[in-house]
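Bear in mind these aren't lab numbers, they're just calculated from the coordinates by the rules spelled out. Given the structure is predicted, the values throughout are model-derived calculations rather than measurements. Note: ideal-geometry Cβ built from the backbone for every residue, glycine included; neighbour counts use all protein chains shown.
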Amino acid sequence: MKNVIKAAGTIGAAAMVLFLTACNTVEGAGQDIEAVGEEIEETADESKPD
């Protein structure tokens, strides 16, 4: 029974590491997409006729 609990704990810890890594990756992608959107918005504003 101790082996099952130990294995479950190890699997749970590995799952948390993967989950947190994925969150950082998604957050970084979101920041990149936001930056591109801001650049497009700035370019569009500069291109507007007065």
**OP:** Determine the calculated [θ] at 222 nm for the chain from helices alone, applying -39500 (n - 2.57) to every DSSP H run no shorter than 4 residues and normalising by the residue count; nearest 500 deg cm²/dmol.
**Re:** -34500 deg cm²/dmol
Original post:
About the Cα centre of the chain, what is the dipole size in debye to 20, counting +1 per Lys and Arg Cβ and -1 per Asp and Glu Cβ, all else neutral?
Top reply: 1140 debye
**OP:** Report the full-extension gain for the segment Asn3 to Asn24: residue separation times 0.36 nm, less the Cα-Cα distance, to one decimal in nm.
**Re:** 4.4 nm
Original post:
Taking Cα atoms, how many degrees apart are the long axis of helix 2-47 and the longest axis of the chain, rounded to 10 and kept between 0 and 90?
Top reply: 0 degrees
**OP:** Mind pulling the per residue volume of the convex hull built on the Cα atoms of the chain? Å³ is fine.
**Re:** 34 Å³
Original post:
For the chain, with the dipole built from +1 on Lys and Arg beta-carbon atoms and -1 on Asp and Glu ones, taken about the Cα centre, which of Ala29, Ser47, Ala14 lies farthest toward the positive end?
Top reply: Ala14
**OP:** With a point put 7 Å past each Cα toward its Cβ, work out how far Ile11 is from Thr43 in nm, to one decimal.
**Re:** 4.8 nm
